[in-house]
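Colleague: Questions regarding the structure given below will be posed in turn.
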Amino acid sequence: MRGFHVFDDDEIRSGRVTDVYFERTLQVLRAEGISKSVVMEVTAGSLPDGYDWGILAGIEELAHLLDGVPVDALSMAEGSILYPGEPVMRLEGRYEDFGVLETALLGLLCQASGVATKAARCKRAADGRAVSSFGARRMHPALAPMIDRSAFIGGCDGVAVTASAELLGEQPVGTMPHSLILLVGDSAQAFRLFDRHVGPETPRICLIDTFNDEKFEALTAAQTLGDRLFGVRLDTPASRRGNMKAILSEVRWELDLRGFSHVKLLVSGGLDERDIPDLNEFADAYGVGTCISNAPTLDFAMDIVEIEGVPGTKRGKKSGRKQVLRCLECLKDKIVPDTGDVPPTECLCGATRQIALTPFMRQGRLVRELPTPQAIRASVLGQLGKLA
């Protein structure tokens, strides 16, 4: 028995995790002595659910995949806003040196970018309120670091998985599970024991939908912990939820009426970006799970656009190497042929467009520093503030 059904670094980087037709292509090329230099571009022709923008993620893992591979690469920075139909990466080298890695390369970019995009959209919908990533339990545990990193750089304020948070250099976020309250057998006593035994660095946030109506358990939590209570979490199941906004309104009213206006309201359980704006009037923070961890992937494709210096590609694609010019103020892009010296141009808004695809690797070695997750997240939040 293999154990966990995941491939290790060597299996992925060796090119064994590939669609078989790439192996057959190499078999033919080698048998015929065909070796050609190619330029390949990675582009998302469309985005899921009618999105008009996404977030690029997975670049750090891509650097690990291509480490030591004789290929030159340009890319957008990780965390960049991307639009349908524009290249986010360009690779140049002998096809036989890196073509077999296409499956792994796209897999790294597609899923991480999908998670980061959904996280960014939820964070934007929350309009400044905190959003935490609670969805690792919905995916294979081997993917938790990738999911949580992508969610964090996409804008989430924190992640729940302890090991993921450690890799990010952050503190894990979370409250208490229903199991604690069920095992103790009484909500008030569970709140007391949590307060007694969990370190003071952990905010006192009580789960209030285990035994009783949310507004009554909220009052129980407030009367039990008083000023030490930071917030309450509503994780009401769908079968009992009804009008969530009305439930939040009731809880807020009862807490405020009794002098507990300092208590924050955290909502979790089946939320998506479409649900959040309606709850913002009363919610102070969100825990978002499945819709982020199970986010639709961004459908990147990797296509040859030049062979031996001659532009050429398949039907439905534009041949030749390209450059993306981005306005750093309005984030509008323009795609132009890359003639080797693409000067900055003026955007219609009056600001200057700069090249977005910059050297990333040269002959399998990094030529630009990889930013921290915190720096990428800050960049994403800054860009979200500029989107129309």
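The values are calculated or read from the model by the stated rules, or taken from the named source; none is laboratory data. Small disclaimer: the values here were computed from a predicted structure and weren't measured. Note that each Cβ is placed from the backbone with ideal geometry, even for glycine, and that neighbours are counted across all protein chains shown.
Colleague: Which condition number in (1) of a type outside the set (Phe, Trp, Tyr); (2) assigned to a loop (DSSP other than H, G, I, E, B); (3) free of Cβ contacts under 8 Å to residues at least 40 places away in the same chain is the one that LEU182 fails?
Modeller: (2)
Colleague: How many residues are in contact (Cβ under 8 Å) with a residue 40 or more places away in the chain and under 18 Å from SER113 (Cα atoms) when one looks only at segment 158-171?
Modeller: Of the residues in that region, 1 qualify.
Colleague: Need a quick list: helices (runs of 4 or more DSSP H) entirely within segment 239-327 having at least 3 residues that are among the charged types (D, E, K, R) and outside the structural domain of GLU86 (by TED's automatic domain parsing).
Modeller: Result: 244-257.
Colleague: A follow-up question, please. Is it true that LEU105 is in contact with a helix residue (DSSP H, G or I) (Cβ under 9 Å, 6 or more places away or on another chain) and in the same structural domain as GLN223 (by TED's automatic domain parsing)?
Modeller: Criteria not met by LEU105.
Colleague: For ALA130, state whether it is among the aliphatic types (A, V, I, L, M), touching a strand residue (DSSP E or B) at 6+ places or on another chain (Cβ under 7 Å) and crowded, with 21+ Cβ neighbours inside 10 Å.
Modeller: no
Colleague: Which one of the conditions (1) within 30 Å of GLY85 (Cα to Cα); (2) assigned to a helix (DSSP H, G or I); (3) of a type in the set (Lys, Arg) does ARG30 fail to meet, given that it meets all the rest?
Modeller: (1)
Colleague: Which count do you get for residues in segment 146-165 that are in a loop (DSSP other than H, G, I, E, B) and either more than 13 Å from the chain's Cα centre (by Cα) or among the acidic types (Asp, Glu) (or both)?
Modeller: Adding up the residues that qualify gives 3.
Colleague: Go through (1) surrounded by 13 or more Cβ atoms within 10 Å (Cβ to Cβ); (2) in a helix (DSSP H, G or I); (3) more than 27 Å from the chain's Cα centre (by Cα); (4) not basic (Lys, Arg) one by one and return the number of the condition PHE211 breaks.
Modeller: Single failed check for PHE211: (2).
Colleague: Being of a type outside the set (S, T, N, Q), more than 24 Å from LYS118 (Cα to Cα) and buried (at least 20 other Cβ atoms within 10 Å of the Cβ): is that true of ILE181 here?
Modeller: yes
Colleague: Separate question: Determine whether segment 80-91 contains at least one residue that is outside any loop (DSSP other than H, G, I, E, B) and either surrounded by fewer than 16 Cβ atoms within 10 Å (Cβ to Cβ) or at pLDDT below 95 (or both).
Modeller: Scanning segment 80-91, I find no residue that is outside any loop (DSSP other than H, G, I, E, B) and either surrounded by fewer than 16 Cβ atoms within 10 Å (Cβ to Cβ) or at pLDDT below 95 (or both), so the answer is no.
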